[in-house]
Amino acid sequence: QVQLVESGGGLVQAGGSLRLSCTASRSIFSINAVDWYRQGAGEQRDWVALTTSGGGTNYADSVKGRFTISRDNIKNTVYLQMNSLKPEDTAVYYCAATMGRQRYWGLGTQVTVSS
């Protein structure tokens with residue numbers, strides 16, 4: 001098992017930046033992949049980005065070129081650097097860890113982008 005805690009959300013103006021953190025309760029070396037998702041009010045949860053244990057990354061088209069996912073294996077933390085934020089990026093952001101057939105979720109952090 002693994003517990004995940006997201007942090008770093010907040011209120012920012014359009015064009016601004018935020019860095020989200022997802023800290024795991026165990027070494028992320030043992031985690032196959034860590035994803036970021038987001039869910040706006042009344043909307044479905046959408047995938048945003050992922051990082052794999054092998055160092056691979058991928059992004060949704062809507063955030064490509066603006067968001068960067070990275071990992072600090074010593075701190076057991078995965079980051080999501082979000083630049084050039086838009087009002088449509090407003091959502092609760094969740095991280096999820098995949099270990100074998102199990103998926104674990106954090107409780108999320110709210111990001112609000114004002115126009």
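The values are calculated or read from the model by the stated rules, or taken from the named source; none is laboratory data. Model, not experiment: these values are computed from the prediction. Reconstructed Cβ throughout: ideal geometry from the backbone, glycine too, with neighbour counts over all protein chains shown. The area values use the complete protein model at the heavy-atom level, side chains included, leaving out ligands, DNA and RNA. Shrake-Rupley method; radii C 1.70, N 1.55, O 1.52, S 1.80 Å.
Taking the criterion of being basic (Lys, Arg) and over 17 Å from residue 108 (Cα atoms), would at least one residue in the stretch 57-68 satisfy it?
Yes, that holds for at least one residue.
Please enumerate the residues belonging to the stretch 73-102 that are buried (at least 21 other Cβ atoms within 10 Å of the Cβ) and assigned to a loop (DSSP other than H, G, I, E, B).
Matches in the stretch 73-102: 85 only.
Checking residue 38 against (1) basic (Lys, Arg); (2) over 12 Å from the mean Cα position of the chain (by Cα); (3) open to solvent by less than 50 Å² (accessible area, probe 1.4 Å), only one condition comes out false. Which one?
Just one mismatch for residue 38, condition (2).
Pick from 25, 21: which is open to solvent by 50 Å² or more (accessible area, probe 1.4 Å) and small (Gly, Ala, Ser)?
Exactly one residue qualifies, and that residue is 25.
Counting only residues that are of a type in the set (Gly, Ala, Ser) and open to solvent by 20 Å² or more (accessible area, probe 1.4 Å), which one in the stretch 103-115 is modelled with the lowest pLDDT?
Out of the qualifying residues, it is 115.
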